[in-house]
Amino acid sequence: MTHVSTVLAPPVTAPEPAPGERARVSLLRASGVAVGLFLGARLAGAAVLTLLAEAAGRPVLALLGRSWDSVWYLGIAAHGYGHALGRHGYSDLAFFPLYPALVRAVSEVSTLGGGAAGLLVSWSAALVAAAGLYAVGTLLYGRPVGIALVLLWGLLPHSVVLSMAYTEPVLAACAAWSLYAVLTGHWLWAGSLAALAGLARPNGFAVAAAVLAAAGCEVWRRRGRVSHRLWTGAALAPLGWTAFLLWVGRRRGDLLGGYFAVQARWGSRFDLGRGSLRFVRTLLLHGGRVVFPMALLLVAAGVVLFVLLVLDRPPLPLLVYSGVLLLVVLGGSGIFESKPRFLLPAFPLLLPPARALVRTAKARPWHAAVLVASLAGLSYLYGAYLLVLGNAPL
């Protein structure tokens with residue numbers, strides 16, 4: 001942050017704000033357009049979802065607030081850890097604590113029940129994430145790209161998750177602002193937000209990896225002559241993720257392996273993609289419901305977008321963050337149809353198409369409008385299908 005000496009102004013004139021303060025105010029004002037577009041996109045999607053849910057006789061708020069993993073998070077928020085479901089021994093220790101802690105806090109300071117509090121936390125986090133995406137995109141490529149980045153993120157096929165009581169919005173908010181802090185040299189903020197990201201989701205360690213990679217490069221470039229803020233931020237970054245894993249391990253009687261044993265009971269482990277390849281082979285040979293080929297298509301699109309991002313030569317932390325998230329998706333086993341959801345926080349993958357959309361809008365505005373409308377239609381209809389008719393884990 002830039003600091004300047006204070007100069008007394010004449011009595012009739014208000015003091016000029018510092019350059020850093022002016023930059024923050026300008027960023028907040030400009031991000032309002034992008035956040036407004038994101039909010040409009042998600043509200044339109046919620047309207048389509050509501051119509052389909054009413055036609056199917058299903059309450060839309062229950063679909064958004066108490067579907068699949070939401071039930072587990074709300075259970076932790078209400079009762080704490082230590083509950084299992086059914087004879088398979090699934091443990092709630094697989095779920096990270098930041099989101100249920102936020103839900104519990106909102107419930108205690110308001111009259112909202114668990115489901116409503118969960119939705120409030122998710123929706124608020126999604127808006128904060130949208131502002132962070134805009135900040136990163138604008139910092140790197142200018143305001144139009146920042147707006148396009150937010151709009152594309154809000155129109156992804158799985159963006160209905162951003163309206164649900166799920167943890168992806170919380171992770172995306174922490175990640176976006178942590179990466180912005182790294183890019184602007186605010187290491188304490190970067191490390192603190194990375195630590196929170198590590199408490200949000202298992203793949204939240206991707207944020208810490210990005211912060212550590214950027215810090216390492218800065219130390220190398222400056223031959224170790226860096227401020228204590230960088231060292232402190234780098235030390236803070238992995239603490240959240242590491243602390244929870246060690247806490248679960250201690251509780252399970254296996255300090256280093258306890259958490260991974262819990263995940264293995266859920267069928268989730270890092271097997272270098274062998275489980276995913278078996279699933280894809282079965283899908284190609286025998287087919288499956290629409291959610292399966294759609295998941296495969298979206299994961300393949302993620303790989304292509306990562307290649308385009310590499311060719312675009314973005315800042316290292318964005319590359320590391322996206323690469324780690326993609327590696328987890330490709331190398332991990334588990335429920336294949338959930339993999340597109342795991343890529344939702346990987347917003348840097350959308351930077352190349354956001355830049356292309358801006359170029360198209362300048363050269364052929366009508367083509368850009370048709371493209372955005374098509375993406376919106378796919379997002380709204382597929383999101384409504386997933387929640388109302390898909391009957392597949394998200």
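Normalised radius of gyration for the chain, please: alpha carbon Rg relative to 2.2 N^0.38 Å, two decimal places.
Values: Rg = 21.6 Å, N = 394, 2.2 N^0.38 = 21.3 Å.
The chain yields a ratio of 1.01.
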Could you check the simple spin-label distance between Val219 and Thr184, using points 7 Å along Cα→Cβ, in nm with one decimal?
2.5 nm
Per DSSP helix of 4 or more residues, -39500 (n - 2.57); summed, then divided by the residues of the chain. What does that give at 222 nm, rounded to the nearest 500?
-22500 deg cm²/dmol
Starting from a Cα-only point model with no solvent, please compute log10 I(q)/I(0) by Debye for the stretch 294-394 at q = 0.10 1/Å.
-0.33
Semi-axes of the equivalent ellipsoid for the stretch 67-131, Cα gyration tensor, largest first, Å
23, 13, 10
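Sort Glu218, Glu54 by heavy-atom solvent-accessible area, probe 1.4 angstrom, most to least. Write out the running numbers ahead of the final one.
On the way: Glu218 40, Glu54 130 Å².
Correct descending sequence by accessible area is Glu54, Glu218.
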Rounded to the nearest 10 Å², the accessible area of Phe342 using a 1.4 Å probe with every protein chain kept is 50 Å²
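I'd like the FRET efficiency for Leu316 and Asn391, computed as 1/(1 + (r/R0)^6) with the beta carbon distance as r and R0 of 51 Å, rounded to 0.05.
Details: r = 41 Å, r/R0 = 0.81.
With a Förster radius of 51 Å, E is 0.80.
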Just read off the accessible area of Tyr141 with the full protein assembly in place, 1.4 Å probe, to the nearest 10 Å².
70 Å²
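Per residue, how large is the accessible surface of the stretch 294-352? Use a 1.4 angstrom probe and give square angstrom. Let's see the in-between values first.
Numbers: 2010 Å² over 59 residues.
For the stretch 294-352, the per-residue accessible area is 34 Å².
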Taking only Cα atoms of the stretch 123-171, the Rg to Rh ratio with Kirkwood Rh works out at 1.00
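Over the chain, with every protein chain in place, what whole percent of the accessible area is carbon and sulfur at 1.4 Å, could you tell me? The partial results should precede the final answer.
On the way: 12810 of 19120 Å².
Accessible surface attributable to carbon and sulfur in the chain totals 67 percent.
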Most mobile of Gly132, Gly142, Gly57 in a GNM of the chain (Cα contacts under 10 Å)
Gly57
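Which order do Glu337, Glu168 take when ranked by solvent-accessible area (1.4 Å probe, heavy atoms of all protein chains), largest first?
Working: Glu337 25, Glu168 0 Å².
Reading off the accessible areas and sorting them downward yields Glu337, Glu168.
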Could you check the simple spin-label distance between Val307 and Thr282, using points 7 Å along Cα→Cβ, in nm with one decimal?
2.8 nm
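In whole percent, what relative contact order does the chain give with Cα contacts below 8 Å and a gap of six or more residues?
Values: 564 pairs, mean separation 78.2, N = 394.
Value for the chain: 20 percent.
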Apply the a/c threshold of 1.5 to the C-alpha gyration tensor of the stretch 225-355 and tell me whether it is rounded, prolate or oblate.
oblate
Whole-Hz Karplus ³J(HN,Hα) for the stretch 333-340, in order, using 6.51 cos²θ - 1.76 cosθ + 1.60 and θ = phi - 60°, x for Gly and Pro?
8, x, 6, 5, 5, 8, 4, x
Arranged from highest to lowest average of other beta-carbon atoms within 10 Å per residue, in what order do the peptides 172-182, 229-239 appear?
172-182, 229-239
Can you work out the FRET efficiency for the pair Ala56 and Thr242, with r the C-beta to C-beta distance and R0 = 56 Å, to the nearest 0.05?
0.80
Give me the base-10 log of I(q)/I(0) for the stretch 138-295 at each q in 0.18, 0.20 Å⁻¹, Debye formula, one uniform scatterer per Cα, rounded to two decimals.
-1.18, -1.23
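The values are calculated or read from the model by the stated rules, or taken from the named source; none is laboratory data. Predicted, not measured: the structure shown is a model, and the values here were computed from it. For neighbour counting, all protein chains shown are included, and Cβ atoms are generated from backbone atoms with ideal geometry for every residue, glycine included. Note: accessible area is taken over every heavy atom of the protein model, side chains too, but ligands, DNA and RNA are not part of it. Shrake-Rupley method; radii C 1.70, N 1.55, O 1.52, S 1.80 Å.
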